[in-house]
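J.: I'd like to ask you about the structure that follows.
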2 protein chains.
Amino acid sequence: MKSGNLFGGIPEPIAAEIFEELLRSGNLKLERIVSAGQATPPGVWLDQESHEWVALLAGSAGLRFEDESEVCALKPGDYLHIPAHRRHRVEWTDPREKTVWLALHYR
Amino acid sequence: MKSGNLFGGIPEPIAAEIFEELLRSGNLKLERIVSAGQATPPGVWLDQESHEWVALLAGSAGLRFEDESEVCALKPGDYLHIPAHRRHRVEWTDPREKTVWLALHYR
């Protein structure tokens, strides 16, 4: 089983978001995501089969839910729960520094 | 479902380690632990029924496994996996600043 550092092993520059599986067991998957300014494409909503608990550990990001009008700005340490099929999108991630997410997907 | 900040809501001073459940579903439990210099009592080993994925997010700590001679020193971002029944103990946590852990227990 992998050990490491959540802020380590990030190539520079990164062309696309990096998804790295840290743990998978039964119906749970834990992954690290590294973003560098990427966002969900315009007009696209994420609609997931699994529930997701997600924390932003470095950088910053704006998360929008289809059922809310305000964009939720996330700073390091912020976490939230996204139930399956609650449609959401990443409006923006920090353009200057890497944004590191820890996402736990489960059913 | 709770949202918040992993580094927020920490009382000062703290008399004992703080265990806060962030998520529980089926056989998984996600918790934040805040330590302020505490350690596992001398001679005691932790022997858990569940597997644990754990990350240290702030502070520092020394983790010892019964089957290893060296203490594993953890810094922010370090994560590791502790299989069920792998006996271990926390030798020390940072005496000067709070140590924040994120622990995912699952079966």
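J.: Just to be sure I follow the rule: in the protein assembly as shown, considering lysines 8 or more places apart or on different chains, how many pairs have Cα atoms under 24 Å apart?
T.: 20
J.: Compute the distribution of all C-alpha to C-alpha distances in the stretch B:14-70, in bins of 5 Å from 0, and list the percent of pairs in each, rounded to whole numbers.
T.: Using 5 Å bins, I get a P(r) of 4, 13, 21, 27, 21, 11, 3, 0 for the stretch B:14-70.
J.: Every other copy gets compared here: list the nm distances from the B:V44 label point (7 Å along Cα to Cβ) to its counterparts, shortest first, one decimal.
T.: Copy-to-copy label distances for B:V44: 4.9 nm.
J.: Carbon and sulfur together cover what percent of the accessible area of the protein assembly as shown at a 1.4 Å probe radius?
T.: Of the solvent-accessible surface of the protein assembly as shown, carbon and sulfur hold 51 percent.
J.: Hey, another quick one. What total accessible area, in Å², is buried where chains A and B meet, using a 1.4 Å probe and rounding to the nearest 100?
T.: Accessible area lost upon association: around 2200 Å².
J.: Still on this structure, please answer the following. With viscosity set to 1.567 mPa s at 4 °C, what whole-number translational diffusion coefficient in µm²/s follows for chain A from Stokes-Einstein and a Kirkwood radius over Cα pairs?
T.: 91
J.: May I ask for the net charge around B:R64, where only other residues with Cβ less than 12 Å from the Cβ of B:R64 are counted and Lys, Arg are +1 while Asp, Glu are -1?
T.: Charge balance in the 12 Å sphere: -2.
J.: If you don't mind, there's one more thing I want to ask. Once the other residues with Cβ under 13 Å from the Cβ of A:P76 are scored (Lys, Arg +1; Asp, Glu -1), what is the net sum?
T.: Neighbourhood net charge equals -1.
J.: Another question about this same structure. Could you state the accessible area per residue of the stretch A:65-107 in Å², with a 1.4 Å probe and every protein chain left in place?
T.: 51
J.: Compute the distribution of all C-alpha to C-alpha distances in the protein assembly as shown, in bins of 5 Å from 0, and list the percent of pairs in each, rounded to whole numbers.
T.: Result returned by the calculation: 1, 7, 14, 19, 19, 17, 11, 7, 4, 1, 0, 0.
The values are calculated or read from the model by the stated rules, or taken from the named source; none is laboratory data. Given the structure is predicted, the values throughout are model-derived calculations rather than measurements. Heads up, the Cβs are rebuilt from the backbone with ideal geometry, glycines too, and the neighbour counts pull from every protein chain shown. Please note that ligands, DNA and RNA were not included when accessible areas were found on the heavy atoms of the full protein model with its side chains. Shrake-Rupley method; radii C 1.70, N 1.55, O 1.52, S 1.80 Å.
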